[in-house]
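This report concerns only the one structure given below.
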Amino acid sequence: MIRGIRSRLTIIFISLAVLPLVGLSFFMGWQSFDTERNHATDKVKETARWVGTEVGSSIKVIATHIQVIVHVRGLADISSQERKDILEELLAFHQEFECLSYLDEKGLEIFTASRTELTTEEHVDRANSDEFLLPASTRKTYYGPVAFSDQTGEPFMDLAEPIVDPRSNTLSGVLVARVRLKKTWDIIAALDLKPGEDVYIIDSLGRVIAHRNPSVVLRETIAAIPGLVYQTASVNSTPLGLNGKPVIYSSFRIPLGERNLDVIAEQSIDEAFQLAYTQMKIFLIVTFFTLLAAVLIIVVVTGTIVRPVQHLAAVARDIMNGKLDSQAKVLRDDELGELAATFNNMTVQLRNSLNELHQEIKQKDHVQSALQKELRINAALSALSHRLLTLSGIREITYLILDKAKELTDSRHGFVSLEDPGEQKAPPVIIEITDGTCSVQNRENFSAHPLNRQKVFFRNMPEPGHIAKNLPSGHVPLTRVLNVPVFVADAAVGQITLAGADRDYTEADVAVIERLAWLFALAVSRYKTMGEKEKLESALRQAQKMEAIGTLAGGIAHDFNNILTPILGYAELIHATTTDDSVAGKDIKEIIKATKRAIDLVGQILTFSRRKEHKLQHVTIQPILKETLKLLRATIPTSIEIRQRIAPDCGAVLADPTQIHQIIMNLCTNAYHAMQEKGGTLAVSLQPVTLQQNDIPGKFTLQPGEYVRLEVSDSGSGMSQDVLNRIFEPYFSTKAEGKGTGLGLSVVLGIVKGHGGDITVSSEPGQGTTFQVYLPQVAGKATDTDTKTTENIQTFSGREHILLVDDEITVLNLEKKILRGLGYQVSASTESSKALQLFLDAPDKFDLIITDMTMPGMNGTELAKSVLAAKPDFPIIICTGYSELITAEKAQEIGIKEYISKPISLKNFAATVHQVLNRRKDSG
């Protein structure tokens with residue numbers, strides 16, 4: 001009541017005197033915030049408008065240059081040489097253009113002038129590109145998406161202007177210009193920005209394409225501005241700026257045809273409202289001292305009002321707490337005095353009533369105590385049975401059983417043992433002895449102790465007896481002990497032992513613990529069953545996953561080999577026209593080498609999915625290591641130093657080159673990830689070593705002999721011993737979700753073991769990590785596959801008529817070019833059904849059919865069977881990227897003469913064709 005009176009008086013005082021002052025303070029603070037916000041809003045709006053106008057004007061000026069060339073100079077009505085001169089002149093006098101391409105009305109690239117590459121007149125088909133289709137259909141200037149140069153990182157955009165014949169109003173072609181947008185960077189860099197201010201440009205995808213800090217653009221930063229409201233600044237949504245802090249922002253849209261760019265100007269809210277924050281602090285200080293004065297006044301005023309009531313409230317509290325002898329003093333001759341007399345009469349009546357209740361309660365306590373105990377036991381066991389169904393760990397189950405056992409028997413100490421739960425990760429024999437006073441860890445010593453029995457017993461002793469003997473030092477005294485074994489299928493698997501109760505144990509306690517032991521036995525059995533089930537389910541999921549990977553690998557191999565075929569074929573054709581010591585010859589040789597690496601990678605994918613076996617050969621690791629480190633240097637940041645120490649006298653190893661490359665890439669990539677944030681040193685060495693018997697650690701499976709040792713070290717964060725123990729487990733990864741599969745090191749271990757080698761790893765937290773791979777050296781010379789593929793190819797020439805069938809037009813054109821270059825007559829078709837009809841119409845016209853395997857409608861084997869049915873023993877060659885439906889053996893069974901795998905080698909392809917035709921001549 002006193003608190004109520006004080007609260008009411010305080011509220012009235014604050015309402016009359018303090019609240020108006022507080023309201024005025026908040027109103028003035030809001031006015032200050034509103035003024036600063038309007039000032040910041042106007043500033044960022046004007047900045048965004050100015051930058052947007054400048055950038056838009058610069059791009060439109062560039063587009064005007066192109067339109068003038070197209071419409072004023074009249075590209076459609078002049079000769080190719082004049083058109084070439086005009087474009088080269090435009091490229092020379094306008095630094096904004098990176099390259100200019102002239103496309104004809106069909107989308108063929110007739111002429112290209114480039115600032116960084118040689119001028120070409122190669123007729124590249126760009127009919128399906130946006131830079132041709134959109135201007136051709138709309139007759140308007142096309143603005144392409146913003147992209148970034150791989151060499152300089154600068155942004156660029158493709159502009160395309162349709163060339164329309166003014167006489168016939170028909171499309172004559174399209175002029176495509178690649179425009180450098182570096183001026184957008186210069187405009188932003190020239191701005192005089194204060195702390196907290198920022199200006200940048202984003203494209204329609206939200207990517208930052210221009211910023212005064214180029215690294216923001218190079219990281220492909222995505223702007224976090226939610227729901228842009230163009231031409232309007234906003235603080236209500238408090239978006240986050242590029243630095244992650246709340247900002248006021250404004251945007252200005254730059255329309256470019258069907259595409260838009262947006263200029264974002266923003267200012268940190270902290271900088272914009274700095275003055276308002278200072279004023280608000282002053283208002284808060286004034287308000288605080290005003291409230292403090294009000295509190296002091298209210299204490300003085302209310303004290304004179306509520307003091308007489310306090311005595312009466314204190315007496316009431318004493319009565320409520322059971323002090324019925326307390327008497328209230330009558331301090332006044334008013335309503336409070338009458339209330340004090342009433343309290344005194346009530347105290348006498350309560351005292352008499354309580355004496356009668358105490359007698360009844362004593363009579364019912366005994367019966368109620370027994371009933372409550374039984375209910376508690378039944379409820380605890382029922383709840384425990386349900387809880388056990390939800391626990392998956394044997395240790396959690398065991399601790400729960402121990403807690404319930406102590407609770408139900410009023411025991412202070414105890415333990416639960418589990419002898420053989422069927423798992424290597426099972427808990428130790430002794431789960432717990434409470435209070436931390438003793439921990440038994442030696443299984444053999446404890447098994448001989450009198451407590452470790454497989455029978456039920458309990459003993460209540462006034463003093464410790466023989467049971468207390470042989471206990472470990474510091475063990476709690478044992479005066480009362482209860483022991484119940486745990487059985488699963490008539491086999492003892494553990495026991496529940498309790499001690500330290502404040503009362504004697506009884507048969508009722510034994511019955512309760514036996515019921516608890518029965519529940520424990522069921523939980524142990526369920527745990528073992530669930531563990532076996534999880535293992536089977538995991539094995540099934542892994543098998544399904546590998547099957548899916550295999551199916552995907554087959555599809556990738558087929559499509560990728562079809563892509564690699566024209567790359568390798570045309571590269572070898574160009575190589576045949578060059579010399580090895582020329583610049584072009586060296587470049588083409590690198591292309592052929594990279595293509596063969598891609599071919600090996602396809603084979604690696606098929607091998608990983610168990611669809612292809614590796615071919616081991618004599619290999620020296622030095623060139624593979626140097627090539628891989630050269631690739632890594634171009635991909636990892638310069639903050640990571642690469643140090644290499646490669647011994648030239650390392651011998652050859654029997655290995656698959658692609659898998660050796662995979663080992664190096666996986667280990668170096670892991671090292672890079674360990675140093676990604678802070679940088680460091682990546683050290684790689686390759687040395688020959690001789691291992692004696694005493695040099696081989698116990699965990700190695702190596703034999704003494706000559707080895708090649710590959711060592712990869714990093715100065716990163718290192719690993720703990722727990723992580724080291726699991727790094728070679730499949731699917732174990734310490735990387736964030738989505739950044740690793742957990743297969744890298746397990747694959748490396750599998751490859752090394754498969755090559756007869758072994759691997760070690762050493763690491764400590766903060767000290768970096770070192771991997772050492774040992775591979776056995778072998779006698780013999782390394783296989784040299786780097787030879788000129790077109791040597792003596794003209795010896796495979798001929799004059800026969802060959803029918804080519806392949807649904808891939810690029811592969812078909814390559815094969816046609818190779819065969820015609822060798823003198824053969826060639827007919828070609830991209831549809832197997834049409835090719836079959838060509839053959840059936842004139843079977844004697846053709847001497848050989850070369851067909852793909854996987855084609856729409858009729859595949860290669862179906863075509864071959866139809867041809868052989870019409871003309872038995874006709875020579876047919878199957879040439880396929882990859883197919884599970886055909887192998888070399890199956891092809892021979894059908895009657896197909898030869899089976900060639902894509903990508904085709906120029907020499908092998910020509911030799912195979914020549915061989916099949918010669919066999920036909922010899923047999924005919």
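Since every read-out is calculated from the coordinates, none of them should be taken as a lab result. These numbers were taken from a predicted model, which means no experiment stands behind them. When we count neighbours, we look across all protein chains shown, and the Cβ atoms used for this are built from the backbone with ideal geometry, even at glycine.
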### Query
Glu537 versus Ser137, label points 7 Å from Cα toward the beta carbon: distance in nm?
5.1
### Query
Over region 817-905, what per residue volume does the convex hull of the Cα atoms give, in whole Å³?
98
## Note on the structure
Counting only backbone N atoms under 13 Å from a point 7 Å out along Cα-to-Cβ of Gln721, the residues of region 751-771 in range are 763-765
### Message
Test of understanding: what is the full-extension gain from Arg259 to Ser353, defined as 0.36 nm times their sequence separation minus their Cα-Cα distance?
### Response
24.8 nm
### Message
Please report the equivalent ellipsoid semi-axes of region 612-778, computed as sqrt(5 x eigenvalue) of the Cα gyration tensor, largest first, in whole Å.
### Response
24, 19, 16
### Query
Residue-wise, which Karplus ³J(HN,Hα) couplings in Hz belong to region 562-576, taking 6.51 cos²θ - 1.76 cosθ + 1.60, θ = phi - 60°, and x for glycine or proline?
5, 6, 6, 4, x, 4, 5, x, 5, 4, 5, 5, 5, 4, 5
### Query
Say each of Gln617 and Glu862 gets a label point 7 Å from the Cα, pointing the same way as Cα to Cβ; how far apart are those two points in nm?
3.7
### Task
Set the Förster distance to 35 Å, then compute FRET efficiency between Glu706 and Ala911 from the Cβ-Cβ distance, nearest 0.05.
0.35
### Query
Using 7 Å Cα-to-Cβ label points, what is the Ser204/Gln363 separation (nm, one decimal)?
9.2
## Note on the structure
Computed on Cα atoms, Rg of region 57-178 relative to 2.2 N^0.38 Å comes out at 0.99
### Estimated FRET transfer efficiency when R0 is 25 angstrom, pair Gln794-Asp873 (beta carbons, to 0.05)
0.30
### Query
So if R0 is 51 Å, what FRET efficiency would Thr577 and Asp42 give, r being the distance between their Cβ atoms, rounded to the nearest 0.05?
0.15
### Task
Take the Cα of Arg167, step 7 Å along the line toward its Cβ, and report every residue of region 57-88 whose backbone nitrogen sits under 19 Å from that point.
70-83
### Message
From Cα pairs below 8 angstrom and at least 6 apart in sequence, can you work out the relative contact order of region 801-922, rounded to a whole percent?
### Response
22
### Amide H within-cut-off set for Asp758, under 5 Å, with H built and near neighbours excluded
Tyr774
